[in-house]
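Engineer: Below you'll find the structure I mean.
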Amino acid sequence: SPQTEELTASVVQDKVPEAPDPPVKVVVRIRPAKGLGIGDTSVSKVSNNSLSVAERNYTFDSVFDSDSTQGDVYQLVGAPLVKDALSGYNTSILAYGQTGSGKTYTMWGPPSAMVEGPSVSGLQGIVPRIFQNLFSEIQKEQGNSDGKMINYQCRCSFLEVYDEKIGDLLDPTQRDLEIKDDAKNGFYVENLTEEYVTCYEDVTQILIKESSSKCFGSSKISRISLVDLAGFERNVLDDASRQHVKEGKYIKKSTSQLGRLVNILAEGSHSGKSEEVPYRSSRVTHLLRESFGGNAKLSIICTISPDNKSSSETVSTLRFGLRAKLMKNEPVVNVI
Ligand code: ADP
């Protein structure tokens with residue numbers, strides 16, 4: 001498998017080899033304790049990579065305290081991903097946590113930050129920052145090209161899984177798309193709209209023009225998957241309204257299948273063949289197939305609420321994160 005580069009800043013002494021980036025990076029972000037009085041929280045950050053919940057310590061790759069900024073999280077989780085994607089890795093970031101723990105805030109930012117356009121304010125989340133940095137990295141690389149021009153084409157698709165159906169958010173008329181996963185054509189969502197990215201239109205226009213006129217250099221295909229999972233907590237299931245019960249059932253299916261998948265990959269009780277890993281047990285796990293194996297770099301952000309009444313969900317989120325950390329991320333059979 002390709003060599004990985006050391007992506008987090010560290011003090012490196014002469015001759016000390018750089019530690020490779022872990023295949024699965026798991027970080028925890030603690031949401032601010034808005035309005036909670038002292039004594040209402042049993043969550044505290046212990047060090048840069050550990051926290052304590054109800055007097056038990058948990059260690060991850062990094063722990064972001066409630067006063068961490070969007071920029072802090074981006075630097076550690078988002079920025080390395082852009083570099084990896086440009087090196088040809090399939091890269092993914094998954095936000096996992098109970099409803100209200102800060103998944104959407106972390107991935108997108110608050111709604112006010114979304115209308116600000118291309119400039120990155122303090123509050124924009126990982127997704128807008130990745131778009132901006134992807135294009136500026138590409139521009140930088142093309143500016144530095146030593147005669148060898150690498151051409152990039154960036155296409156963007158945007159989907160949601162609801163009721164175990166895949167809906168195309170760029171074409172709302174397409175509400176039940178199929179995942180194709182075959183030896184001949186590889187892995188893709190059939191008929192999913194893929195648009196050349198227009199967020200930074202001038203940049204993409206240049207890239208597209210370049211790629212049709214000068215076509216040499218390596219052709220790497222990589223995918224960046226940014227996933228905001230649905231909350232998994234029981235109260236969704238307990239809601240009296242029918243729709244919520246139904247939603248809860250599907251949410252439960254995808255998160256429990258995700259948990260099962262992570263357990264199997266953590267136990268390493270499979271031979272690495274994609275057929276033996278139950279990716280097809282739900283739409284979400286199936287869609288994540290390329291994020292969990294083979295040429296993949298995966299980061300999981302576990303978001304937690306610091307209040308006491310969330311502590312069982314918090315512990316369950318942290319346990320998911322710990323199991324995910326044990327995943328072997330073995331190569332899947334290359335079907336392309
Ligand atoms: P989720 O997507 O997990 O359901 P949200 O991202 O919608 O949760 O967060 C719930 C609320 O908490 C929102 O009002 C959000 O703006 C706020 N929030 C979450 N994380 C943070 C944070 N790190 N800093 C400030 N506000 C936050």
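The values are calculated or read from the model by the stated rules, or taken from the named source; none is laboratory data. All values derive from a computational prediction rather than experimental measurement. Neighbour counts are summed over all protein chains in view; Cβ atoms, including those assigned to glycine, are modelled from backbone coordinates with ideal geometry.
Engineer: Among the residues in the range 209-217, are any surrounded by 17 or more Cβ atoms within 10 Å (Cβ to Cβ) and either modelled with pLDDT of 55 or more or under 30 Å from GLY143 (Cβ atoms) (or both)? Show your work before the answer.
Structural biologist: Narrowing the range 209-217 to residues surrounded by 17 or more Cβ atoms within 10 Å (Cβ to Cβ): none.
Checking the range 209-217: not a single residue is surrounded by 17 or more Cβ atoms within 10 Å (Cβ to Cβ) and either modelled with pLDDT of 55 or more or under 30 Å from GLY143 (Cβ atoms) (or both).
Engineer: Quickly run through the range 128-154 and pick out the residues that are modelled with pLDDT of 80 or more and within 16 Å of the ligand (Cβ to nearest atom).
Structural biologist: ARG129
Engineer: Here's another thing I want to ask about it. Need the failing condition index for LEU177 against (1) surrounded by fewer than 16 Cβ atoms within 10 Å (Cβ to Cβ); (2) at pLDDT 65 or above, just the number.
Structural biologist: Going through the list (1) surrounded by fewer than 16 Cβ atoms within 10 Å (Cβ to Cβ); (2) at pLDDT 65 or above, LEU177 breaks only (1).
Engineer: State which residue is surrounded by the most Cβ atoms within 10 Å (Cβ to Cβ) when the search covers only the range 62-76 and only residues that are farther than 15 Å from MET107 by Cβ and away from the ligand (no atom under 12 Å from the Cβ).
Structural biologist: VAL63
Engineer: Moving on to the next point. Return the pairs, sorted by first residue and then second, in which the second residue is near the ligand (Cβ under 6 Å from one of its atoms) and β-branched (Val, Ile, Thr), the first residue lies in the range 88-101 and is within 15 Å of ARG29 (Cβ to Cβ), the beta carbons are less than 7 Å apart, and the residues are 6+ apart or on different chains.
Structural biologist: ALA95/THR303; GLY97/THR303; SER101/THR303
Engineer: Additional query: If a residue has to be of a type in the set (Asp, Glu) and more than 12 Å from ARG223 (Cα to Cα) to count, how many in the range 285-323 make the cut?
Structural biologist: The qualifying residues number 2.
Engineer: Another question about this same structure. Applying the selection to the range 99-113, what residues are more than 7 Å from the ligand (Cβ to nearest atom) and crowded, with 16+ Cβ neighbours inside 10 Å?
Structural biologist: The initial filter retains those residues of the range 99-113 that are more than 7 Å from the ligand (Cβ to nearest atom), namely 107-109, 111-113.
Matches in the range 99-113: MET107, TRP108, GLY109, ALA113.
Engineer: Among the residues of the range 289-306, is there at least one that is among the acidic types (Asp, Glu), buried (at least 17 other Cβ atoms within 10 Å of the Cβ) and either modelled with pLDDT of 80 or more or closer than 23 Å to VAL77 by Cβ (or both)? I'd like the intermediate steps shown before the answer.
Structural biologist: Step one: list which residues in the range 289-306 are among the acidic types (Asp, Glu), which gives 290.
Next cut, buried (at least 17 other Cβ atoms within 10 Å of the Cβ) only: 290.
Within this subset, residues satisfying the condition of being either modelled with pLDDT of 80 or more or closer than 23 Å to VAL77 by Cβ (or both) are 290.
Checking the range 289-306: at least one residue is among the acidic types (Asp, Glu), buried (at least 17 other Cβ atoms within 10 Å of the Cβ) and either modelled with pLDDT of 80 or more or closer than 23 Å to VAL77 by Cβ (or both).
Engineer: Can you name the helices (runs of 4 or more DSSP H) wholly within the range 20-110 that have at least 3 residues being touching a Ser or Thr at 6+ places or on another chain (Cβ under 9 Å)?
Structural biologist: 79-86, 103-107
Engineer: Considering only residues of the range 173-184 that are free of Cβ contacts under 8 Å to residues at least 24 places away in the same chain and not in a strand (DSSP E or B), which is nearest to THR285 (Cα to Cα)? Spell out the reasoning first.
Structural biologist: Let us first name the residues in the range 173-184 that are free of Cβ contacts under 8 Å to residues at least 24 places away in the same chain, namely 173-178, 180, 184.
From the residues that got through so far, the ones that are not in a strand (DSSP E or B) too are 173-176, 178, 184.
On the way: THR173: 24, GLN174: 20, ARG175: 18, ASP176: 16, GLU178: 14, LYS184: 21 Å.
The qualifying residue nearest to THR285 (Cα to Cα) is GLU178.
Engineer: May I pose another question? Of everything in the range 22-40, what is modelled with pLDDT under 75, out of contact with any Asp or Glu (no Cβ under 7 Å at 6 or more places or on another chain) and within 16 Å of the ligand (Cβ to nearest atom)? Give them in sequence order.
Structural biologist: Across the range 22-40, the qualifying residue is only GLY35.
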